[in-house]
Amino acid sequence: MNSTLPVIEHLNFDWEFCPKFDKTMISGDKNEYIFERVNIPHTSVEIPYNNFDENIYQIDCCYRKKFYISKDMINRYAWLHFDGVMAYAKIFVNGEFVGEHKGGYTPFKLDITKALKYGQENLLVIYVDSHEREEIPPFGFVVDYLTYGGIYREVRIAYVNEIAIANCHIKTKNVLEDKKLLDLELYIENYKTKTDTLEIAFTILYKNSICHEFTKTVELKGEYSEKYNIVKSVENVDLWDINNPNLYHLNIRVSHEEKILDEKTIRFGFREIAYENDGLYLNGEKIKLRGLNRHQSFPYVGYAMPKSAQYKDAEILKYSLGVNTVRLSHYPQSNHFMDRCDEVGLLVFDEIPGWQNIGDSEEWRNLAKENVREMIMKDWNHPSVFIWGVRINESKDCEELYLETNAIAHALDETRPTGGVRYLEGSQLLEDVYTFNDFSHTGMNKGLKDRKKVTKKEVPYLVTEHNGHMFPTKKYDSEPHRIDQAKRHLNVLEAMYKNNDISGAIGWCMFDYNTHEDFGSGDKICYHGVMDMFRIEKYAAYVYSSMQDQEPVMYVANSMDIGDFPAGIVGDTYIFTNCDYVNVYKNDLFIGKFYPAKELYPSVPHPPVIVDNYIGNQIHDNEPFNDRDANFIKNSFIKISKLGEAGITLVDKAKMGLILVKYKLSFSDVYQLYGKYMSNWGDSATTYKFEGYINEKCVLTVNKSQLGDVHMKVSPDTNILVEAETYDVTRIVVNIEDNNSKPLFYSNESVFLSVEGPIEIIGPKHIPLIGGSSAFWVKSTGLAGHAKVIIASERYGEEKILIDVLKV
Ligand code: GAL
């Protein structure tokens, strides 16, 4: 069989960029403007970490690229693909206008065949407008996040034949039976609108081995876009689920009279989603959704981050935060992120762009409907996607629009339910699942509203946001505040697990994000994350990680520094852990074995272990009291440590008086005892040790002691950068910590960053360690080689990281 298979050329390196636009740039003749050399993904304006004018990223700008096309491509059709340009793009090839796209979150492609010059250099010019144009969702009112600008996702050209595979929706059905169904919708583009016979060969591969093959002959009807349904039953395949994310590939080969015209390989998984009133069923098994919302932003460069950073976020969610679900708030996100969710087994709530406001114009609404189509046709083969969000986040009821968005979604994909995120109780349900942002938890009441009160009817129900603005928390807030944030997330999880008719809860949100002046803490940051903007954990992060069973977690969310608590009342120590129990020692003395607090949190998979005292039997063992009196004194001390002296009743005081008389002690002796056993006032060397046990084996140990060696720790996510379709990045985390690896949240050091070799630092080169830690990313520049990153602190010296940049 002979073939002229399509040729794909990635166009991500060596663009020219100018933060202005002028019509003379289209032809590329005049060169009075200064263009800078950039690689894609690119942000049109780098912004500071915080405290900036939110209008600075809203500009008109120009991207230009010269590229050569060989004469071999002369009989091909050339499609230019953009994965994401924010917010409006107008494209010119060799001075000729070839198309435009409105909306920054969905991919688009343009036929540029006629504008090309073969055997010559071609000029691609793109006018990008990153203003918040009111005819494009999510714009027109206010939005609680920034949208940045630029060609922030990858670009490529595909040179295809006159018959090409445009898409294929791979649906898997009857997956619980021996014979499973592969229900394919194959979209073919027939540029010359011919009528002809095509032979199509399908090959299913699992881990690079062929497991099924079949063929089909179809008749082209002579239309530009044609669709074919092919149903095939297959056996002996492994299902995709969150614990075993088995992925298959479908290779599709289209040929005509022994000549291969096109070939595509698409990854997919065999699995089935069903949403019932009592929850989500994946392959017939009910799963409680424990998740977090994710914006796709990063410090300084906004949305412009390549594959490895997108991968890393999915890995952080799955492995560090231990969640099983992510909501793409509030727009479709990078294909790389989606790929990694498929690979790690993370369920995805996909959603169209929008925030509270429904635009009035027909154009705005048409774009919103188009977004539904673009989102679904981009993401439908990702087994991780379990629901389509087809309502503008938190918008009011709008029957005319939402009847249509639901109809579009159902027509394109009958295998997944729709949801529509709202904050209204009893609102009109045109979707399959009532998806609701429940911000009712105040820290004092129960974690979530009753489902019945919200939906009024028996319907499938999912909480899509909670907490967030109800309790903004900075990584360097005081201990009680950070502990409170963690407890609030825990309370919501408890309510979610407790109620059978709540299918899950997706917290607001994974990490802090830059925002507009109407929101956030006045510095253009919403501190709503369980992590900071650099993906570094706050205490609340450990509530999530402790819920999973993949690896042992034990996080002691308490510094034991009495001076950081009002009135010096440290209160209970919350240990977020999935251990069976924790042995606690103070100054090497065994205090007790503490079990998860099942009485307080009976429903979550792993309640925290709560240590309410560090006295143990010490008063009994060291002081002259009998057991009953020692117990009374111990319990009184615990009450005081939680509630202050106000916690002691008159009766308690009278009892204490009698004990004092009995043992010939004064009140000041009692104060001394309190100091000795509770507050360690004046004690020079209080040490604590926590040992976490699983199956009677000590799996984790945490020590807490007074500050010893304070040092800087530097941890790269990887030491190898791989340049393929575009540049690569790695994050480097810098931490100030003590001798027990305890992060020092109130350290205010700064570090100077520099590099040697073929890499660059993203963002500023002198950074504060906010709340004792921070991170930065370095990126490759188009060249391979050895590189070095130097992190220098005046106080803690210098650390060096070696990085290898490979090119494939
Ligand atoms: C919600 C909104 C989110 C975010 C959050 C803050 O109302 O959907 O985008 O603003 O509040 O808690």
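The values are calculated or read from the model by the stated rules, or taken from the named source; none is laboratory data. Since the model is a prediction, treat every value here as computed from it, not as a measurement. When we count neighbours, we look across all protein chains shown, and the Cβ atoms used for this are built from the backbone with ideal geometry, even at glycine. The accessibility values were calculated without ligands, DNA or RNA, using every heavy atom of the protein model including side chains. Shrake-Rupley method; radii C 1.70, N 1.55, O 1.52, S 1.80 Å.
Say whether the condition of being exposed (fewer than 14 other Cβ atoms within 10 Å of the Cβ) and among the β-branched types (Val, Ile, Thr) is met by at least one residue in the range 719-740. Outline the logic, then answer.
Here is the first cut: in the range 719-740, the ones exposed (fewer than 14 other Cβ atoms within 10 Å of the Cβ) are 719-720, 724, 739.
With the extra rule that they be among the β-branched types (Val, Ile, Thr), the set shrinks to 720.
Yes, the conditions are met somewhere in the range 719-740.
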Take Arg391 and decide whether it is part of a helix (DSSP H, G or I), at pLDDT 95 or above and either basic (Lys, Arg) or within 16 Å of the ligand (Cβ to nearest atom) (or both).
no
Check on Lys788, in a strand (DSSP E or B) and free of Cβ contacts under 8 Å to residues at least 24 places away in the same chain:
no
Cross-chain or 6+ apart pairs with Cβ under 8 Å, the range 353-374 first and part of a helix (DSSP H, G or I), then among the acidic types (Asp, Glu) and away from the ligand (no atom under 16 Å from the Cβ):
Glu363/Glu135; Trp364/Glu134; Trp364/Glu135; Leu367/Glu135; Lys369/Glu404
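Regarding the range 363-382, can at least one residue be identified that is of a type in the set (D, E, K, R), modelled with pLDDT under 95 and either over 30 Å from Glu723 (Cα atoms) or within 16 Å of the ligand (Cβ to nearest atom) (or both)?
no
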Quick one: Ser478 ticks every box in (1) open to solvent by 10 Å² or more (accessible area, probe 1.4 Å); (2) touching a Gly at 6+ places or on another chain (Cβ under 6 Å) bar one, so which box is it?
(2)
Write out, first by first residue and then by second, each pair whose Cβ atoms fall under 8 Å of each other, whose residues are 6+ apart or on separate chains, and whose first residue, in the range 136-148, is among the aliphatic types (A, V, I, L, M) while the second is away from the ligand (no atom under 13 Å from the Cβ) and not in a loop (DSSP other than H, G, I, E, B).
Ile136/Tyr88; Ile136/Lys102; Ile136/Trp364; Ile136/Leu367; Leu146/Glu54; Leu146/Tyr57; Leu146/Gly302
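Look through Gly447, Gly419, Gly443, Gly426 and report the one residue that is more than 13 Å from the ligand (Cβ to nearest atom), at pLDDT 95 or above and assigned to a strand (DSSP E or B).
Gly419
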From the list Tyr693, Tyr671, Tyr677, exactly one residue is in a helix (DSSP H, G or I) and in contact (Cβ under 8 Å) with a residue 60 or more places away in the chain. Which is it?
Tyr677
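This table checks each residue for (1) part of a strand (DSSP E or B); (2) touching a strand residue (DSSP E or B) at 6+ places or on another chain (Cβ under 7 Å); (3) aliphatic (A, V, I, L, M).
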position	(1), (2), (3)
Ala540	no, no, yes
Val543	no, yes, yes
Gln548	no, no, no
Glu551	no, no, no
Tyr555	yes, yes, no
Tyr574	yes, yes, no
Glu599	no, no, no
Could you tell me whether any residue of the range 38-54 is of a type in the set (A, V, I, L, M), open to solvent by 60 Å² or more (accessible area, probe 1.4 Å) and touching a Lys or Arg at 6+ places or on another chain (Cβ under 9 Å)?
no
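Can you name the residue in the range 450-471 that is within 16 Å of the ligand (Cβ to nearest atom) and out of contact with any Asp or Glu (no Cβ under 9 Å at 6 or more places or on another chain) and, of all such residues, is most open to solvent (accessible area, probe 1.4 Å)?
Taking the range 450-471 as the starting set, the residues that turn out to be within 16 Å of the ligand (Cβ to nearest atom) are 454, 462-471.
The next check asks that each one be out of contact with any Asp or Glu (no Cβ under 9 Å at 6 or more places or on another chain); those that pass are 462, 467-468, 470.
Working: Leu462: 0, Asn467: 9, Gly468: 4, Met470: 64 Å².
Step by step, filter the range 450-471, then rank; the result is Met470.
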Between residues in the range 294-315 that are under 18 Å from Thr147 (Cβ atoms) and residues that are modelled with pLDDT under 95, which pairs lie under 9 Å by C-beta distance while being six or more apart or on different chains?
His295/His330; Gly302/Tyr57
Pick out the one residue from Tyr595, Tyr544 that is under 30 Å from Asn695 (Cβ atoms) and free of Cβ contacts under 8 Å to residues at least 60 places away in the same chain.
Tyr595
With (1) surrounded by fewer than 23 Cβ atoms within 10 Å (Cβ to Cβ); (2) more than 16 Å from the ligand (Cβ to nearest atom); (3) modelled with pLDDT of 95 or more; (4) within 30 Å of Gly522 (Cβ to Cβ) as the list, and Asn437 as the residue in question, which single condition is left unmet?
(2)
Are there any pairs, at least 6 apart or on different chains, whose C-beta atoms fall under 7 Å, with the first in the range 506-533 and near the ligand (Cβ under 10 Å from one of its atoms) and open to solvent by less than 10 Å² (accessible area, probe 1.4 Å) and the second basic (Lys, Arg) and part of a loop (DSSP other than H, G, I, E, B), and if so, which?
Thr515/Lys524
Report yes if Ser774 is open to solvent by 20 Å² or more (accessible area, probe 1.4 Å) and more than 14 Å from Val710 (Cβ to Cβ), otherwise no.
no
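Restricting to the range 683-702, name every residue that is at pLDDT 95 or above and not hydroxyl-bearing (Ser, Thr, Tyr).
Matches in the range 683-702: Lys689, Phe690, Glu691, Gly692, Ile694, Asn695, Glu696, Lys697, Cys698, Val699, Leu700, Val702.
Across the range 310-343, what is the number of residues that are within 16 Å of the ligand (Cβ to nearest atom) and under 16 Å from Met533 (Cα atoms)? Even if it seems obvious, please write down each step before you answer.
Taking the range 310-343 as the starting set, the residues that turn out to be within 16 Å of the ligand (Cβ to nearest atom) are 326-333.
When the remaining residues are screened for being under 16 Å from Met533 (Cα atoms), the result is 329.
Qualifying residue count for the region: 1.
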How about the range 610-665: which helices (runs of 4 or more DSSP H) wholly inside it have at least 2 residues that are surrounded by 13 or more Cβ atoms within 10 Å (Cβ to Cβ) and β-branched (Val, Ile, Thr)?
627-643
Ser546 meets each of (1) surrounded by 18 or more Cβ atoms within 10 Å (Cβ to Cβ); (2) closer than 29 Å to Phe141 by Cβ with one exception, condition (2)
Would you mention how many residues in the range 108-125 are open to solvent by less than 40 Å² (accessible area, probe 1.4 Å) and of a type outside the set (S, T, N, Q)?
10
